[in-house]
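The values are calculated or read from the model by the stated rules, or taken from the named source; none is laboratory data. From a predicted model like this one, the values you see are computed outputs, not experimental measurements. Every residue, glycine as well, gets a Cβ built from its backbone with ideal geometry; the counts of neighbours run over all protein chains shown.
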Amino acid sequence: MLRSRKLGMSILSTMLVLTVVLSGCGKSEDKTDTSSNTTDNTGDTKTDTKTDTPKEDDSTKTGIDTSKPVELQFYMLGDAPKDLQKIQDLVNQMAKEELNTTVKFNYTTWTDWDQKYKLLLSSGQPIDLIFTADWTQFQSYAKKGAFQDITDILPKAAPALQQYVPADMWDAVKIDDKIYTVPATYKEYVTLGFVYREDLRAKYNLPKPVDMATFEEYLDGIKKNEPDMMPLSMNSNVRDNLIAPIRDLTHDAIGATPYGLGIKYNSPSDVYSYWGSDEQVQDLTIVQRWQQKGFFAKNVLNVKDTMQDPVISGKAAAIIGDNPTRFNDTRLKMKSAHPDWELAYYPFPLAKGYATPVHPIHNGFAVPKSSKNAERALAFYEKMVLDKRYNQLTEYGVEGTNYKVTEGYYEMIGDSTSNGFPREGMNGWAWRNPEFMLFDKDFDGVKEIFASLDKIQSPDKFTGFAEDYTPYQAEKAAVEQVESQYFAPLYAGLVDNVQEGLQTAMAKAKQAGLEKIHEEYKKQWAQYVTANGIK
């Protein structure tokens, strides 16, 4: 799940690794419910891991050779749930019997996940399935050959999965007319919005945040009335978690354009330099003012926490930009420990007048170039998506132990600290199946947000673009280093004189080759816009 958006300024200082990664990469609607869950009179569900052998006409049957046992290496971003081993063992009981396959679920943790991700793809380490998204630079990795082309493997290894995913989604994720990832089919919005403590807002009669002005008033009120609480949750990824939301709301920015470029949603053909512009000065001045007011920590560039954890624990009162689903997850975890607290949400699209549903590229799984088991990996992934046993086990855990279903609603057993597998504990955003999904009662509010956004939905105009930075690979690494060294302190509001600091940063960026990058990027973007009829 854009995926947000989605995590550490370390991405800026480690992009040199990306150069090594990609330069080293070579080229290269029936849904099946096979659930064996049974429910007794008490309502508890018992999972029979000794599953029935699939019938001859079962759509899970594949045309691949499964005579040789294999162990698949499956990589997901973030932190593993405490009960992962238990879930992995149950999955492997089924997969061993049905595909002669076992799997090891691996996680990067959220600390410096971006560097670890690049190293995984550059090291040659055998990996069979890995999470992909626009925010993990899927398009660029695919363009450089980091993933296997699965176009011709899918019909043989995962025919039911190929039929399940709509044709237009397969088309949407193609890079150079080839398929490198399996997209998620769940429609959601990962558009941004203000997240804030509603109980504190009401207690101190603060304004509801609906724009930058009212949000700043809210933060002022928290600072005045709750001196021991940080008004704004922020971490080292100030570019994506602070500057990007400001740009999104106030400048109608289209996606997270790199290299200091600016593109507006309603004029996508006009690519300009956001770096050094009056727009950027305005945004940096806001951030500097917030830093001086003490809205977020002075050592923010060293903070590695997630944005959500301080809000859950009560150390912070707000997040400037988060998506509806993650807001709901944060709210649930907070209320499980503090039932008297309340969290609220205001979507940016309501102020902007349009909302973009996630692009199919936003959540997916690819087979890396290093995999020797592409067919078995896709056959297993088909199980994760289309077999209810695999799907619900890996999304929600064990029913009766990790969760229960009451009147059709998901309920966590225990709380976020005692439960070893909370809802979507494996970060399984990519293999969500709308037919099998379980929602907590509070998610009705998110569905209402989605319904309101459906009324103003407009297509994503950015995510399908696949940048090829071969012509400026050296300059790219140099400019990203400049961003890490000179722009990051500006993004964090730590430079006393914004104008002077920006002039220095721009001079360094130009010395690193910024203008060459802009010229080539604009050419590629113009070709993309023209080819896709984007206006």
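Counting just the residues of the stretch 226-253 that are over 17 Å from GLU279 (Cα atoms) and touching a Gly at 6+ places or on another chain (Cβ under 6 Å), which one comes out surrounded by the most Cβ atoms within 10 Å (Cβ to Cβ)? It comes out as ASN237. In the stretch 422-441, the residue that is nearest to TYR396 (Cα to Cα) out of those that are among the basic types (Lys, Arg) and at pLDDT below 95 is ARG423. One residue alone among ALA478, ALA451 is among the hydrophobic types (A, V, I, L, M, F, W, C) and either in contact with a strand residue (DSSP E or B) (Cβ under 6 Å, 6 or more places away or on another chain) or over 26 Å from GLN280 (Cα atoms) (or both), and that residue is ALA451.
Within the stretch 346-380, being within 28 Å of MET169 (Cβ to Cβ) and aromatic (Phe, Trp, Tyr) holds for PHE348, TYR354, PHE365, PHE380. Just checking, how many residues over the stretch 79-107 are over 19 Å from ARG423 (Cα atoms) and either outside any strand (DSSP E or B) or aliphatic (A, V, I, L, M) (or both)? Matching residues across the stretch 79-107 total 10. Filtering the stretch 512-521 to residues that are surrounded by 16 or more Cβ atoms within 10 Å (Cβ to Cβ) and over 26 Å from the mean Cα position of the chain (by Cα) leaves ALA512, GLY513, LEU514, LYS516, ILE517, HIS518, GLU520. Flag: SER484 matches the condition of being of a type in the set (Ser, Thr, Tyr), over 30 Å from TYR346 (Cβ atoms) and touching a helix residue (DSSP H, G or I) at 6+ places or on another chain (Cβ under 8 Å).
Taken over the stretch 77-107, the criterion of being under 20 Å from the mean Cα position of the chain (by Cα) and either buried (at least 21 other Cβ atoms within 10 Å of the Cβ) or more than 19 Å from TRP135 (Cα to Cα) (or both) is satisfied by LEU77, ALA80, PRO81, PHE105, ASN106. Selection of the stretch 271-322 for residues being assigned to a helix (DSSP H, G or I) and among the basic types (Lys, Arg) yields ARG289, LYS293.
Number of residues in the stretch 488-507 that are surrounded by 18 or more Cβ atoms within 10 Å (Cβ to Cβ) and closer than 18 Å to LEU261 by Cα: the value is 6. Residues of the stretch 357-409 that are of a type in the set (Ser, Thr, Tyr) and crowded, with 22+ Cβ neighbours inside 10 Å: TYR381, TYR390, THR394, TYR396, TYR403. Restricting the stretch 274-302 to residues that are among the aliphatic types (A, V, I, L, M) and more than 30 Å from GLU515 (Cβ to Cβ) leaves a set whose member that is surrounded by the fewest Cβ atoms within 10 Å (Cβ to Cβ) is ALA297. The residue list THR325, THR257 contains one member that is part of a helix (DSSP H, G or I) and of a type outside the set (Gly, Ala, Ser), which is THR325. Checked across the stretch 239-250, the condition of being in a loop (DSSP other than H, G, I, E, B), at negative phi and not basic (Lys, Arg) holds for no residue.
Residue count for the stretch 350-405 under the criterion of being under 27 Å from PRO69 (Cα atoms) and either of a type outside the set (Val, Ile, Thr) or in a helix (DSSP H, G or I) (or both): the result is 32.
When the stretch 108-117 is filtered for residues that are buried (at least 20 other Cβ atoms within 10 Å of the Cβ), touching a Gly at 6+ places or on another chain (Cβ under 9 Å) and under 26 Å from ILE254 (Cα atoms), only ASP114 remains.
Close Cβ contacts (under 7 Å, 6 or more residues apart or on different chains) running from residues in the stretch 465-480 that are buried (at least 17 other Cβ atoms within 10 Å of the Cβ) to residues that are modelled with pLDDT under 95 and outside any helix (DSSP H, G or I) comprise ALA466/ILE175; LYS476/TYR469.
Residue-level check: of (1) buried (at least 22 other Cβ atoms within 10 Å of the Cβ); (2) among the acidic types (Asp, Glu); (3) modelled with pLDDT under 95, ASP305 misses just (1).
Here is a check on your reading of the model: is GLY364 at positive phi and at pLDDT 95 or above? Considered against the rule, which asks whether it is at positive phi and at pLDDT 95 or above, GLY364 comes out as no.
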